[in-house]
Structures are given as structure tokens and as C-alpha cells.
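Asks: After the C-alpha cells below, expect a handful of questions from me.
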Amino acid sequence: RPVRGDSTTQLPSLMYVLLAAAPSFLPAPRTPACGRVGLSPRGSACAFFGPAQYVDPLAPKGLEQFAGSMTSRVWYLPPDKSDWAALLFCARHEAIRHELLRLERLVPVLQYKDKADPAFDALEELHANYCDAAIRFTHQLEEEALWPAIGEVLEVPADIQERTTVGGTYRTPVQWAESDYEELREAFASHNVNTIRQVLPAFAEKAGSLMEEQERRLAALLRESGRGPEWGEQLQAKLDEFAAAHPFGATMQQLSVGAAQPTKLRECVGPASGGGEAAAARAALLQRVTGESAVVA
């Protein structure tokens, strides 16, 4: 039997102290805010090592923390071309998650900058022009095109139409509201990193949970409807018709096609229209935030 103070009793204690004091190099648990976008309102590496280095989701290692490079907690691997129900949502949702991930990774870059720094203005524009605009467009597309088209064949669950979810970390149902947009807009307008960190995770968690409800439940209902790919083509035509008439439609298509590139999802989306102006404009804003000329966007 070992006695107090010998090597067999000291070794576990020593290992515990070393592990507790050392930084963690293990991947974070998959309990992120938006899909598998890891947003944390408390602290960051930049608090110890200086401003963080920005890595864009479309950079070579931009999505290596995600298995299969898909940011959804429903689809770890991209659906194939035969899964017409999933493809009605997949690329668009990935684009929104990529925009939220960009914002998450850009905030620590501004940790030590003054509120008057022009980089905060560029970050505010990135949020307004891409993240906020993409989510608003998607909600309008659902209300005016997708839900009515699906409703001709089967009933869309009321909680999905009302954007109510108990997914993610919620224990009681929460509903999307206009105040969600406004609270995040005001946080970015404050040019205060701590304020943004307090608001962005909750916004991303709610947005991600609502998208997952569609990916998990609504896509399954579409598959089980007895209709086949022909119906999927009809639904997609309704979405394309809406997007063609909407001012943000072409930009949303470019964002969706761009978000599909890191995975085989790129084989399931058509070419983007407009020649990539949205990506170029976003890259210019990213450069204004980070100060780096070689930003992959």
C-alpha cells in the first residue's frame, strides 16, 4: 500500500495540476451557438496573446474545426443531389452560418482598437450588408414563397412558420422577433467589443436553432410526402422566381454558391450570377476590418 508522499500518490496530483494550468488544445464541445459556429460571450485567446488573427471560412483551413466542413448540426456531410428536400435549405443556411462565423472571428480582431477606428464601421457594414440582409431575405422568401408553395400539398408546422424553437440551449419555446435584429444592429453600432460579445451568441443560437428545425423536421416531412424530385424542382422554381424579383436575390445566390465551395455541396448548386461582385465587396470590407490585403472571402 503506498504511503503519503511517495511517487505513486504524487504523480496523479502533479498531472492534474499540469493539465489544469495548461491551455486546452482539444476541440471545443459541439454545443455552439449557430449550428456548429462556436460563439462565446466570455473571453477569448486575444485576452492573453493579443489580437486574434482572422481566418475566413473559405480559407484553406477555415472550416477544419467542423467535421466534413458543414457547419450544420443536422448535416455533418453535404447531402447528395438526390436529396432534393435537403437542397431546398442547405446552401442558403450554410451561407448564413458562414456570415455569422465571419462576424464571430472578426470581433476579437478589434479587441484593442478604439471605438473611433474605421474598422468598426466596416464591421458594422459587414453585419448589415450580408448577415442581417441574408437572414431578412431568407425569412421573407419563406413567408412569401416557400411556405405557400409547400402548403399546397402539406401543412407546414405552425411553430416553424411562426419561427418558434425549443432547440439548442433553450428549455422553453422562444420566438423570433424584430427586436432580435435591432438588438444586434445596436450592438454593432456601439463599436463596443464586449457589447457585441454579449448579444451575438444569443442571436446566432436562435438563428441556428430555427434553421435546424427546418433541416431536421421540415425536410423530413417533404421526403415523406410521397412526392418526388419533380416536386422539389417546382418548389425550387418558386424560390428562384422570388429571388429574381428581390433586390438581394442575386447577392444571396452568390453567397450560397460561395458557401458551398468547401464541400461536395458545390456539385449541387448552380453557378452564381453577377460575376462574384458580392464576394469582392465583402472582401474589401474584410480587409478594412483586419488590415490584411490577402483575405480569402
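Asks: Filtering the range 159-175 down to residues that are of a type outside the set (Ser, Thr, Tyr) and touching a strand residue (DSSP E or B) at 6+ places or on another chain (Cβ under 8 Å), which residue is modelled with the lowest pLDDT? Steps first, answer last, please.
Replies: Of the range 159-175, the ones of a type outside the set (Ser, Thr, Tyr) are 159-163, 166-168, 171, 173-175.
Narrowing further to those that are touching a strand residue (DSSP E or B) at 6+ places or on another chain (Cβ under 8 Å): 159, 162-163, 166, 173-175.
Details: 159: 93, 162: 94, 163: 94, 166: 75, 173: 83, 174: 84, 175: 90.
Going through the qualifying residues, I end up with 166.
Asks: Any chance you could count how many residues in the range 236-270 are touching a residue at least 40 places away in the same chain (Cβ under 8 Å) and under 30 Å from residue 66 (Cα atoms)? Walk me through how you get there before you give the answer.
Replies: Within the range 236-270, the first condition is being touching a residue at least 40 places away in the same chain (Cβ under 8 Å), and the residues that meet it are 236, 238-239, 241-243, 246, 248-249, 251-252, 255-265, 267-269.
Cutting the leftovers down to under 30 Å from residue 66 (Cα atoms) gives us 236, 239, 243, 248-249, 251-252, 255-265, 267-269.
So the count comes out to 21.
Asks: A further question on this structure: Open to solvent by 10 Å² or more (accessible area, probe 1.4 Å), in contact with a helix residue (DSSP H, G or I) (Cβ under 9 Å, 6 or more places away or on another chain) and in a helix (DSSP H, G or I): does that describe residue 114? Full working, then the answer.
Replies: On the way: open to solvent by 10 Å² or more (accessible area, probe 1.4 Å): yes; in contact with a helix residue (DSSP H, G or I) (Cβ under 9 Å, 6 or more places away or on another chain): yes; in a helix (DSSP H, G or I): no.
No, not satisfied.
Asks: Please specify each residue of the range 171-196 satisfying the condition of being surrounded by fewer than 18 Cβ atoms within 10 Å (Cβ to Cβ) and part of a helix (DSSP H, G or I).
Replies: Result: 178, 179, 181, 182, 183, 185, 186, 189, 194, 195.
Asks: Residues of the range 243-278 being surrounded by fewer than 19 Cβ atoms within 10 Å (Cβ to Cβ), in contact with a Leu (Cβ under 8 Å, 6 or more places away or on another chain) and modelled with pLDDT of 95 or more, which ones?
Replies: 246
Asks: Taking helices (runs of 4 or more DSSP H) that fall entirely within the range 197-281, which contain at least 3 residues that are more than 27 Å from residue 181 (Cβ to Cβ) and over 17 Å from the mean Cα position of the chain (by Cα)?
Replies: Result: 219-223, 229-245.
Asks: Is it true that residue 77 is under 25 Å from residue 214 (Cβ atoms), in contact with a His (Cβ under 8 Å, 6 or more places away or on another chain), open to solvent by 10 Å² or more (accessible area, probe 1.4 Å) and not in a helix (DSSP H, G or I)? Give the derivation first.
Replies: Numbers: under 25 Å from residue 214 (Cβ atoms): yes; in contact with a His (Cβ under 8 Å, 6 or more places away or on another chain): no; open to solvent by 10 Å² or more (accessible area, probe 1.4 Å): yes; not in a helix (DSSP H, G or I): yes.
Here the answer is no, as residue 77 does not meet what is asked.
The values are calculated or read from the model by the stated rules, or taken from the named source; none is laboratory data. Because the structure is a prediction, the values reported are computed rather than measured. Cβ sites come from the backbone with ideal geometry, for glycine too, and all protein chains shown count toward neighbours. Heads up: the accessible areas ignore ligands, DNA and RNA and are worked out on the full protein's heavy atoms, side chains in. Shrake-Rupley method; radii C 1.70, N 1.55, O 1.52, S 1.80 Å.
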